[in-house]
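Scroll down for the structure; my scribbles are underneath it.
The values are calculated or read from the model by the stated rules, or taken from the named source; none is laboratory data. All of these numbers come straight from a predicted model, not from anything done at the bench. Here Cβ is always computed from backbone atoms with ideal geometry, including for glycine, and neighbour counts include all displayed protein chains. SASA here: full protein model, heavy atoms, side chains in, ligands and nucleic acids out. Shrake-Rupley method; radii C 1.70, N 1.55, O 1.52, S 1.80 Å.
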Amino acid sequence: MGARHPNPRLAKIHRSYSVEEAARLFSVHKNTVRSWLKQGLEPIDGQRPTLIRGQELRRYLVERRAGAKRPSGPGRIFCLPCRAPKVPALKMAECVAFGDTTGTLQGICPDCDRMIYRRVNLHKIDSIRGDLDVTFTQAEPRIEDTTMPNVNCDSTEGDYR
Ligand SMILES: [Zn+2]
């Protein structure tokens, strides 16, 4: 049994499962089911002990599987609220470097309009960016740019008479 990728179809739609039953069904630890409950699996309201509808288990596991495809493919950034890898809006992304090797690729989720981020290794950016239009920026502005002396020294020769 693949405990890492529980098969959503094992859950019967018209049944309800306790945490223990769900754990047995998917061959996972009870704590795994409890962590699903914390991560968005909805139990039936007001039931003690906790009961989960089979249909809800299916929904959760299918979505979770879609989300488990991290790291996302080239040109995609994972959107947490949507639980899916997304091609950023307008295929535009900004790559913010935090040093020589690490940075984040960020864009806007086309479906929920939230900022989406992907931590990237800058040396691998060419294989990560896919066909995105990427703008590269530094996390901190460079001080050198603002300290250029503004001296005009080439205007003293010539025919000023
Ligand atoms: Zn989204």
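Points to keep in mind about this one:
- The charge dipole of segment 31-137, taken about its Cα centre with unit charges on the Cβ of Lys, Arg, Asp and Glu (plus for the first two, minus for the last two), comes to roughly 540 debye.
- Ligands, DNA and RNA left out, the 1.4 Å accessible surface of segment 77-141 is 52% carbon and sulfur atoms.
- Think of segment 77-141 as having a plus end and a minus end, set by charges on the Cβ of Lys, Arg, Asp and Glu; of N121, V134, C82, C82 sits farthest toward the positive end of this dipole.
- Amide H contacts for T102 (H built 1.01 Å from N in the peptide plane; partners 5 or more residues away or on another chain; cut-off under 5 Å): L122.
- Over segment 77-141, the Kirkwood radius and the radius of gyration, each from Cα atoms, give a ratio Rg/Rh of 0.96.
- Rounded accessible area of D113 (nearest 10 Å², 1.4 Å probe): 120
- Under 11 Å, Cβ to Cβ, from G75 - net charge with Lys/Arg +1 and Asp/Glu -1: +3
- Beta bridges from DSSP with both residues in segment 61-137: antiparallel share about 75 percent, rounded to the nearest 5.
- Placing pseudo-labels 7 Å out from each Cα toward the beta carbon at E21 and D131 gives an inter-label distance of 4.9 nm.
- Trypsin sites (Lys or Arg not before Pro) restricted to DSSP loop in segment 1-60 with at most 14 other C-beta within 10 Å: R4, K12, R15
- Rounded, prolate or oblate (a/c below 1.5 giving rounded, otherwise prolate when a/b exceeds b/c) for segment 8-67 by Cα gyration tensor: rounded
- Candidate lysines for bridging to K38, where Cα separation is under 29 Å - those fewer than 8 sequence places away on the same chain excluded: K12, K30, K69, K86
- Length available on full extension from T102 to R83: 0.36 nm per residue minus the Cα-Cα distance, which gives 4.5 nm.
- Taking a sphere under 11 Å around the Cβ of V120 and counting the other residues whose Cβ falls inside, with K and R at +1 and D and E at -1, yields a net charge of +3.
- Taking amide hydrogens as placed 1.01 Å from N in the peptide plane, the amide H of Y17 sits under 5 Å from those of I52, R53, G54, each at least 5 positions away in sequence or on another chain.
- Computed from point charges on the beta carbon alone (+1 for Lys and Arg, -1 for Asp and Glu), the dipole magnitude for segment 8-67 about its Cα centre is near 160 Debye.
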